[in-house]
Structure formats: C-alpha cells, structure tokens
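Heads up, the thing below is written out as structure tokens.
The values are calculated or read from the model by the stated rules, or taken from the named source; none is laboratory data. Note that the coordinates shown come from a computational prediction; the quantities given were computed from them, not determined experimentally. For neighbour counting, all protein chains shown are included, and Cβ atoms are generated from backbone atoms with ideal geometry for every residue, glycine included. Each accessible area value is taken on the protein alone, full model and side chains, heavy atoms only, with ligands, DNA and RNA left out. Shrake-Rupley method; radii C 1.70, N 1.55, O 1.52, S 1.80 Å.
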Amino acid sequence: MKTKLLLLSLLTTVFATQIQAQDRTSVNAMNNEISDNLDLRAVASIFGDSRNLQDFERRLNDPELQISNLDLNNDNEVDYLRVIETVENRTHVIIIQSVIDRDVYQDVATIDVEKDRNNNIHVQVVGDVYMYGQNYIYEPVYYSTPLIYASFWSANYRPYYSTWYWGYYPSYYYAWNPFPIFRYRNNINISLNINNNYNYVNYRRSERAIVLHSSRRSNGYERQHPNYSFSRRNANVTNRYELDQRRGSRNEVGYSNRRTGNQRDYSQNRTGSSRETTPQRSGSSRDYSQNRTNPSREVGPQRGNSQRDYSQNRTSPSTQAAPQRAESQSRGNSSRESAPQRSESQRGNSSRENNRRS
C-alpha cells in the first residue's frame, strides 16, 4: 500500500512540473514579439546613407551601430543579416535575410526600388508577412538623393549577392548578445537620421517587385515554427503598425487615467483640506473676536474702577490735606497766642524794673 502511494505521489509531481513548464513556455512565447527586434525605419535610414549594397550590408551588421537585435535561433547571439538582390528592368528588390543555421535563412524585410517613366525613384521597405504581418511598409523620403541610386541603373550593373554564410563572416563582424527591448529602442532612436521622413503606408507600389520577391523568398524559420506567424502571435491586429497603435493607445489611456486619478485625488485633497481649514479659520476668527471683545469688556470695568479709585485717591488726599491746613492755621493761632504772652511778659519785666528804681 505504501509503495502505491509513493508511486502515485511521484506521478503527480512529474505531471504538475510538466504542466508548469508548458505554462511557462506559452507565457514566454506570448510575451516575446520578434518584430520588436528589427526597426524598419532604421533599415531605411542606413539604406539612404550607404554608398552601395555592400556598404549597406556592412552597416546592417556593424557591431557599433547594432541596427538589429534579432536572435531567431535562440543561441543568445544576434543573427547575421545577409543581403541579396534580384533585378528586372527598372525594378530592384533587395532582400534582407537572417542567417540562422547552415543553409537556413529567413527573410525579414525587402527594399523595393523602382524608377517610373518620369525617372522618379520610389523606395519602399516592406516587412516580411511572417515577421510583421500584412502590408507593413515604410516609404522613406530622403532629404538628399542617396548615393546608392547612382549604381542601380548603370549599363554594366550586376545584382548584388552576399558571399557570407553560416560560420563564415566578414572580419569586421562579431556577434553580440541581444539587448532588452527598451535598450534596443533607445539605441534605434539615436541611430535614426532625423533629416529624413519615414511614412507608413499599407499598400505596395510595385506588382513586379512582389513577383520577383516570391521567386527568391527564404522561410527557414517559418518552416520550423509554422504556428508562430504574426497573425498567430497577434490575432486581433493585422500588422505591426496596428499593434503599435494599440500599444500606444493603451499607454495613453493608462497615462490619462493615472493623470485624472491623480487630479481627482489632488482636487479632493484640496477641497477636503479647504473644508477642514475653513472651520478652523472661522473658529479661530470667532475665538479671536471673542477674545478681542471679552478683554475689552473686562478691561472696561478695570479701567473704570481704576479711574474711580484714582479719583477717590485724588479726592481723599485733598480731604486729608485740609486738616493739615487747619493744623497749620492752628499753628498760626498758637504763634498769635504766643505773641500776647511775650508782650505780657515784657510788660511784667518793665514794671519790676520800675519798682526797683523807686
């Protein structure tokens, strides 16, 4: 019985760990949007700065520029991007492919360059359907005519085809580890040529370019992961542009909600504080007015009493001074009374002297 219980507990533990592993895998797959790792505006920017397609491929894989952040084979190293070209008359299709294994390539984007009857050149950078969804296209408007145009329609032009492949790369190249998405975006914002305009459109100008690309397309990663296309990864949007719009609207809504919530809390705090402070102010003003009125009332009697006492003090000394004056008068009377005594004594003395003489 104990053996059966142990076996049952072991089976339960193994089953639970497998379920957790599957859940973790699905969460990681849903959170990892591979189209975040190559910005097509940056591709258009360095295309306009390049002298030719060889220079363009060098810029794509420059370890200092780090235009790409793609790691499709999950070896923790950014994939090398090779460039090949197919040409027909006035239409050039430049294909950018990720090298993910020996003889295994995955298209990530194409650049359609076409000259019309009026000799106007149109450029479109088109994201691969598997990577970016349907009709994810940027049309760059360069502030000056790129040097790369000069070589496309020469008489002896030969289509470019990269000589590099898995395990055999140019000397300037070395693999680097992929960055977190926010760091990659910051790097791309610095790398973009701000003098150019990058206009999003949802249609492809050249039908000829579509045919040329379909004849040379490589989809090694798509064959390995058929259920991981953009439409499967993001079922509610058509392409990467709509995904960015939805992300932006969510961020703006969240930001506006946070701002309105903060404003409401702040206004409530302000009104609450004002409501709380106004009774205090009114109470203090009332107490202050009462304190002002009460002391005035209390001071009034004190001042009246002091005045009355003071007047009484002033009158009582006067009454007390009157007897003193009477006393001084009595002293005058005593002096007057003493004067007859002195005259009588003088008269007595004179009579005595007369008697002696007789």
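Here are the numbers:
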read-out	value
Hits in the range 116-136 (condition: over 18 Å from Leu53 (Cβ atoms) and open to solvent by 50 Å² or more (accessible area, probe 1.4 Å))	Arg117, Asn118, Asn119, Asn120, Val129, Gln134, Asn135
Given (1) in contact (Cβ under 8 Å) with a residue 40 or more places away in the chain; (2) open to solvent by less than 70 Å² (accessible area, probe 1.4 Å); (3) over 22 Å from Arg90 (Cβ atoms); (4) not hydroxyl-bearing (Ser, Thr, Tyr), number of the condition Pro180 does not satisfy	(1)
Helices (runs of 4 or more DSSP H) within the range 178-231 that include 1 or more residues among the aromatic types (Phe, Trp, Tyr) and out of contact with any Cys (no Cβ under 6 Å at 6 or more places or on another chain)	181-191, 220-224
Test result for Arg158, out of contact with any Lys or Arg (no Cβ under 8 Å at 6 or more places or on another chain), modelled with pLDDT under 95 and loosely packed, with under 14 Cβ neighbours inside 10 Å	yes
Tally of residues being farther than 20 Å from Met131 by Cα and in contact (Cβ under 8 Å) with a residue 24 or more places away in the chain across the range 58-75	4
Pairs where the first residue, in the range 118-129, is of a type in the set (Asp, Glu) and the second is assigned to a strand (DSSP E or B), C-beta under 7 Å, 6+ apart	Asp128/Asp107; Asp128/Val108; Asp128/Ala109
First in the range 145-174 and without any contact (Cβ under 8 Å) to a residue 60 or more places away in the chain and closer than 26 Å to Gln66 by Cα, second anywhere and among the aliphatic types (A, V, I, L, M) and surrounded by 11 or more Cβ atoms within 10 Å (Cβ to Cβ), Cβ under 7 Å, 6 or more apart	Tyr149/Ile121
Qualifying residue in the range 95-108 (condition: more than 25 Å from Asn76 (Cα to Cα), surrounded by 14 or more Cβ atoms within 10 Å (Cβ to Cβ) and small (Gly, Ala, Ser))	no
Identity of the residue in the range 238-252, open to solvent by 70 Å² or more (accessible area, probe 1.4 Å) and modelled with pLDDT of 90 or more, that ends up farthest from the chain's Cα centre (by Cα)	Thr238
Residue among Val99, Val93, Val78 that is over 41 Å from the mean Cα position of the chain (by Cα) and in contact (Cβ under 8 Å) with a residue 60 or more places away in the chain	Val93
Candidate set from the range 88-125 (those that are in contact with a Leu (Cβ under 8 Å, 6 or more places away or on another chain) and of a type in the set (A, V, I, L, M, F, W, C)); member that is farthest from Pro178 (Cα to Cα)	Val93
Condition met for Trp166 (within 21 Å of Thr110 (Cα to Cα) and either open to solvent by less than 80 Å² (accessible area, probe 1.4 Å) or in contact with a Cys (Cβ under 7 Å, 6 or more places away or on another chain) (or both))	yes
Those residues of the range 202-237 which are under 30 Å from the mean Cα position of the chain (by Cα) and surrounded by fewer than 17 Cβ atoms within 10 Å (Cβ to Cβ), in sequence order	Asn236
Index of the failed condition, Leu53 passing every other in (1) buried (at least 22 other Cβ atoms within 10 Å of the Cβ); (2) closer than 30 Å to Glu242 by Cα	(2)
Test for Glu139: is it open to solvent by 20 Å² or more (accessible area, probe 1.4 Å), charged (D, E, K, R) and over 34 Å from the mean Cα position of the chain (by Cα)	no
Output for the range 67-94, where each listed residue is hydrophobic (A, V, I, L, M, F, W, C), within 29 Å of Trp153 (Cβ to Cβ) and either open to solvent by less than 30 Å² (accessible area, probe 1.4 Å) or not in a strand (DSSP E or B) (or both)	Ile67, Leu81, Val83, Ile84, Val93, Ile94
Failed item, numbered, when Val113 is tested on (1) in contact (Cβ under 8 Å) with a residue 60 or more places away in the chain; (2) within 18 Å of Asp55 (Cα to Cα)	(1)
